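Worksheet: the structure to be examined is printed underneath.
Please treat every number below as a calculation from the coordinates, not as lab data. Owing to the predicted nature of the structure, the values given are computational and were not obtained by experimental measurement. Please note: Cβ atoms are built from the backbone with ideal geometry, for glycine as well, and neighbour counts cover all protein chains shown.
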Amino acid sequence: MTTGMIFAGSGAILFAMGVAGVLLPTHLLRKILAFNIMGSGAFLVLVGLGQRSGEPDPVPQAMVLTGIVVAVAATALALALARRLQRLTGRMELPPEAERD
Amino acid sequence: MTVNETLPLAVIASSLLPGLIIFVLPESQVGLRSALNLLGALTKVILVGVLLAGVHAGETYAFRYAVLPGIDIAFKADALALLFVTLSATLWLLTTIYAIGYLEGAPNRSRFFGFFSLCVTATMGIAMAGNLFTFFIFYELLTLSTYPLVVHRGTPAALSGGNVYLAYTLAGGALLLVGMAWLYGLLGQVEFVHGGVVSTLRPENRGQLQIIFLLLIAGVGVKAALVPLHGWLPQAMVAPAPVSALLHAVAVVKAGAFGIVRIVYEVYGVEFAQSLDLLTPLAVVAAITILWGSLRALFQDDLKKRLAFSTVSQASYIVLGVALFGPAGTIGGLTHLAHQGIMKITLFFCAGNFAETLGTHKVSEMNGSGHRMPATTVAFSIAALGMIGAPFTAGAVSKAWLSEGAEAAGMAWAVWVLAASSLLNAAYFLPILYRAWFRPASAAWPHEHILARGWRETAWLLLLPPLITATAVLAAAIFADSAWSPLSWARLIAQREYLNAAP
Amino acid sequence: MKRIAGAAVMLSAGILAMALVVSMFELPPPAVRLPQMVQEKLPQSGVEHPVTAVLLNFRGYDTLLEVAVLLLALLGMLAGERPRPAAPDRAPTDPVLPGLTRFLVPLMGLTAVYLLWAGAHRPGGAFQAAAVLAAAAVLLHLTDLLPAWTSLRLRLRTGLAGGLLVFITVAAWLLGEGRLLQYPVAHAGSLILFIEVALTISLGLILAGLFLFLPDDDERRR
Amino acid sequence: MTSAALDPLAWLILLPMFWATLAFVLGLGRGAWLAIIGIALQLGLALALAGRLLAGGVPVHPVGGWGAPLGIDLAVDGLAATMLLLTQAVALPLAVYARSYFTGDSSERRFFWPLVGFLLAAMNALFVSADLFNLYVTLELLGLAAVGLVAAGGKVGQTAAALRYLLSTLVGSGAYLLGVAMIYGAYGSVSLSTLAPLVDRQAPAAVHLAAGLMLVGLTVKTALFPFHFWLPPAHGGAPAPVSALLSALVVKASYYLILRLWLGILAPLLAPGAAIAWLAGLLGCGAILWGSFKAIGTPNLKMLVAYSTVAQIGYLFIVFPLLGRTSPGDAALQGSVLHAVAHALAKSAMFTAAGVLVKATGQETIDGLAGVATRLPLTLFAFALAGVTLMGLPPSAGFLAKWLLLGAAIGQGQWLLVAVIVAGGLLAAAYVFRVLRHAFLPAPVAVSSRPVPRMLEWVAFGLAASSVLLGLRGMEILRLLAAGGSS
Amino acid sequence: MGILFDLLLAFALLWSAWRAIALTDPASAVVQFIVFGLLMALAWARLRAPDIALAEAAIGAGLTGALLLDGLGTLRTGQRQRDEQHGSRP
């Protein structure tokens, strides 16, 4: 059991938790938060699994750096939209789906 | 590209191009539009004349273009194609003249004539299709281009009629598509070839081939209005009279019947179809359709509905002829393809004249219309008598050959069907003639639009076409033995393409 | 109904997690060993720190697209907003924080420069430097020393897009010499530094923008 | 300048990114001409690339000169070239349309051009990338650009739709990323060309899981039933040019990736007739039926078109159970690619036509269309022609696609698929003619018609006509698809 | 020793993530999330990825945390405004 494997395993669990967290709550802030946890899980798997022999691997590390920036970009956009929705509807929740039907 | 490749395309282009130009013409360009229409129709008739002479002399006209690996769009103008092409081209010319008169002052004429031309284009494609794939393409194009004509008036009745029309024809198209894709899977290409292409398959495909035949015939049977697939035809009667003429005589119903001819003779081959036990059921369906259509026609008061059910019945004469195994049946069926077209278009022209001139739509309103509109009523009478099969009319000729074919095929019951149908025809047509000629006119017509001027009982453009077609009804019988009559042409086809022996 | 759906989601998530973890422990060692390759080619990359080498040279193309992603997030954020009137000037509310900020911000600027420079040799680089710059801007804003951005002037737009423009231009220019983003070995180091400087400024602005452009800022504090 | 300087492969990515950034610098709402010229050049590049491929070349571009697995490779095969060509060819008329469509300082217009530029760059990058992680970045780029375009309206419906879209697409790409992470863990590389010989049927369970994660993630992004919930509000609520771009092109990008992985590195994992293939096929059937059903029921014109997209996506997935039994490059594959092409043209035509209709009548409902047949015949004709393609009627490209799919299904005796393919065409007819029928109704007396720029009508018509006429050029597409070896 | 620390850290990560997801009050969830981010930075350091640790601390926990807190602020204002309109709370 190496450091890499421990965190890769945790990453897998974090990912699953994150997915459930995006799907289940209705509050948008919590969904966005869960998405970040999901992303972190995937990043941990990427680096942890790549380094399960113990030696550091710069390739997945660089990928994760890219991934973190992408995640923050997505988070910012999602938050901005959620806040706009809050301003327009007074709630930070998605309106029911049949809204436009 | 050689001339022989170009000519079939030119025939198609002669209605396609005017149609496309007409679409973009402003509504007010009446003169230019009519000129384009007539120019296209005349060009087509001339081109068809050239083709006729060529085919008579033994030339072959074919064109092909690959759209998918192993799948071609193919045209061929053979004798059978030309029978249909000639009929449609000639009747299109007359219908165009009639429609110009009929729609004078009506709105959306650019749209109408544009789709009208597309419709004829599709018919030409159906007639000259060299394989099943090409046939299907134009068969569906015909569905699409007739829909706007059926709903042209935009009334709720027209729209619901259009719905029914679409539901039937698109579903039919889907069946045809499945059958066709299946057959292509078995054969690779399904060319229209004398004697059929299916017989090359091994016997274990017998069951599949029977199902495919069912799918194909059901597919084209919708347009041919075989019972029980005929429900759309009476509904589509809401369309303007020229459209009805087109549906019944020039394009749609004919396309269906023609499709059955191609499928039986050139896909399955008549002998192979017989060996698969497919022809007798087809004959039975045709017989049922003939009787059922005639029976229903008997109880229609609406003149156009009565004519519509009459079409249901008469179109199946063609199918019956095809299903009768033997040369005489073939000749009878093919001749009737042309003869029924001429007769039925006359009837619709006349019905349109009655409606447009006097506002009479019902049989019960027709009392004395023969005195008010003698020329129209004479034309109507000739065509109606033709339908009944009276001597010296086109109907008599084709019915005679059909009866002979039935006897030759050993299906004596079919003769009885024909006889019964003739009786029924008489039963629903003669009362109309009686009312028109021998009953006094009521005080006022329901809605008189066009007043009589001298002996010109209605607009010229409305009067001329039915008189010409009525004359043709007589001429086709009187000159039946001349070289260019439909009968002779049908004999040529039978002799050259199917049976290799003079009947 | 909702409870059943919730339980189903949790159950599937649990199964997924379990399957992932179990399968991970059965993996044989990988067939390809990229770390060695990185080490081999590191001298040609123009930088000494392997992560920076991967980020800006070996997989520099990922980074190019990533910068676009960041700009895009800002665009997406701004796209649906109505232009708002400029916020009125406000008096500083808290005397302590501004003072601290005045002290902190220059320090953060220095840190950013250090991180940027260090990236070539050791951990650090454009993204981290930009993040520090952005944090400084946010701090300034929170202490009312920097107003929220209400309009996109040309200078700001150029600043936001500049890093990407420089990156694209260099990529296109290098295409003439060989391949997309193929740095000549002799100039790789300086080219990468050049790109990093441009990126630091733009990314700092963009990251700050994600915060400073946020709507309703003033309304909230009223 | 060396010949590499003109490599269309690299320029197809750099060019749109460049003009997008430039358009942003130019200022709010600016950059229409920049975009149109840029896309026209891209179209030229895509044609050049296709020409190179047809001439027997196998264009590969190792970015940075490193080559896989250390660097990132860009590579083009017939499938990629087809998609590249399609994307530029559809984007160009849509750009022309959008220039006339947005008037004044509408909020949709402010960042429209930069967003479109990045969208196109992302798609082009996605089509040519041969690196799993790089593909992830392109997916995110594409997703954010698309969300930005949807959100640009700023109203409640659009914001909610954008957010729903964003969350779905993020979950999708998250799953994809985890799959990539597992693949990297298993093999130590994310390059497709390096992985191809390594992945075999005896691959460890983690690789199977990874494959499943990537495919599911991409399926969510493609909006396959039952993951379609985000699509109709996003596509139906956006301005017409945006709807057209999204429905015609963006959903195809993630589908393309599924196809690429399925036929490429994941192929050894998928036994013939694999359950997952059938799952995809059955969901495709579900999409066709459910999407059509909803389209027949909705009162809103653009929602109808959007639900039609849900249905048409189903056809793209029907192909998987058919692919399983035959070699790649067969009729089923050809059918699905042709369908993607035909649908792209037809759906962009339909959305642009719908945009004209909504603009002219000032109403979004189908009931509001009465009298349109007389007032806007060209647009209605465009809508109908696009409908012909969607119904799969000849001679359209949609018909050829359906013909190939149908032939494959019949050939393999898959009668369920045959039935759904045929039923889908009839259902499409039901919703298309629903629109046409209302358009043929006489106009109410008190209706006021707003003038619409003629350019909008002609673009819609041009797209629709090309979707039909392409049916006569099916051979060319298939030739390009087969060029450069199988995918 | 190292492994034990790793296990503890992993457990803490999972626990804080669980709390961040499961807490229904958004404000506590955000706080919990920032804790999660800092723990992540620690994990990256343990994975010998100092670059990511730096980025995670600055961008992940820092910027994202700030954005989330800011969003929380909006939420509060919105809540208060709504309450004032409806007069449901004194």
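Within the set of other residues whose C-beta is less than 14 Å from the C-beta of B:N108, count the net charge using Lys and Arg as +1 and Asp and Glu as -1. Computed value for this residue: +3. Electrostatic tally near D:R454: other residues with Cβ closer than 15 Å to its Cβ, Lys and Arg +1, Asp and Glu -1, net +3.
Classify the protein assembly as shown from the C-alpha gyration tensor, please: rounded if a/c falls under 1.5, else prolate or oblate depending on whether a/b exceeds b/c. Prolate, because a/c is 1.5 or more and a/b exceeds b/c. Bridging of D:K347 to lysines at a Cα separation below 29 Å is possible for D:K155, D:K221, D:K252, D:K294, D:K302, D:K359, D:K402, once same-chain residues fewer than 8 apart are set aside. Phi angles across the stretch A:53-69 convert, under the Karplus curve 6.51 cos²θ - 1.76 cosθ + 1.60 with θ = phi - 60°, into 3J(HN,Hα) values of 7, x, 7, x, 10, x, 5, x, 5, 5, 4, 5, 4, 4, x, 5, 5 Hz, Gly and Pro given as x.
With Cα atoms defining each centre, the stretch B:53-126 and the stretch D:181-196 are spaced 60 Å apart in the structure.
Less than 5 angstrom separates the built amide H of D:D131 from those of D:L192, all sequence-distant by 5 or more or on a different chain. When the alpha carbon gyration tensor of chain B is reduced to an equivalent ellipsoid, the three semi-axes, largest first, read 34, 26, 21 Å.
Scanning chain B for DSSP H helices at least 24 Å long along the axis (C-alpha atoms) with a Kyte-Doolittle mean no lower than 0.0 picks out B:3-24, B:30-56, B:79-102, B:109-128, B:132-150, B:156-187, B:206-223, B:279-298, B:303-323, B:327-358, B:412-438, B:460-478. Taken over the Cα atoms of the stretch D:271-487, the convex hull encloses 103 Å³ per residue.
Remark: mean inter-chain Cβ contacts per residue of C:180-187 equal 4, using a 10 Å Cβ-Cβ cutoff to other protein chain atoms. Computed over the alpha-carbon pairs of the stretch B:293-503, the distance histogram in 10 Å steps reads 9, 34, 31, 17, 7, 1, 0 percent, short to long. Distance between the C-alpha centres of the stretch A:23-93 and the stretch D:53-129: 26 Å, rounded to the whole angstrom. About its Cα centre, the dipole of the stretch A:3-91 is roughly 660 debye, where the only charges are +1 on Lys and Arg Cβ and -1 on Asp and Glu Cβ. Each principal axis of the Cα atoms in the stretch C:2-221 has its own extent, and those three values, largest first, are 63, 61, 34 angstrom. Taking a quarter of the surface of the Cα convex hull of chain A gives a mean projected area of 7.2 nm².
Among the chymotrypsin sites (Phe, Trp or Tyr not before Pro) found in the stretch B:251-326, those both in a DSSP coil and sparsely packed, with 16 or fewer other Cβ atoms within 10 Å of their Cβ, are B:F299.
Amide H contacts of D:T365: D:L301, each under 5 Å away and 5 or more positions distant or on a separate chain (H built 1.01 Å from N in the peptide plane; Pro and chain starts excluded).
The amide H of B:K362, built 1.01 Å from its N in the peptide plane, has B:L303 as neighbours under 5 Å, considering only residues 5 or more places off or on other chains. Histogrammed with a bin width of 5 Å, the alpha carbon distances of the stretch B:179-313 distribute as 2, 10, 19, 21, 16, 11, 10, 7, 4, 1, 0 percent, first bin at zero. When each full DSSP H helix of chain C is screened for a Cα extent of at least 30 Å along its own axis and an average Kyte-Doolittle hydropathy of at least 1.0, the helices passing are C:2-24, C:96-118, C:154-177, C:188-212. For chain D, the direction-averaged projected area of the alpha-carbon convex hull comes to 21.1 nm². Rounded to whole numbers, the Karplus 3J(HN,Hα) couplings from phi for the stretch D:238-244 are 6, x, 3, x, 5, 3, 4 Hz, using 6.51 cos²θ - 1.76 cosθ + 1.60 with θ = phi - 60°, and x at Gly and Pro. For the stretch A:3-91, the relative contact order works out to 32 percent when only alpha carbon pairs closer than 8 Å and six or more residues apart are counted. Annotated for chain B: lysine pairs at least 8 residues apart or interchain, Cα distance under 23 Å, count 20.
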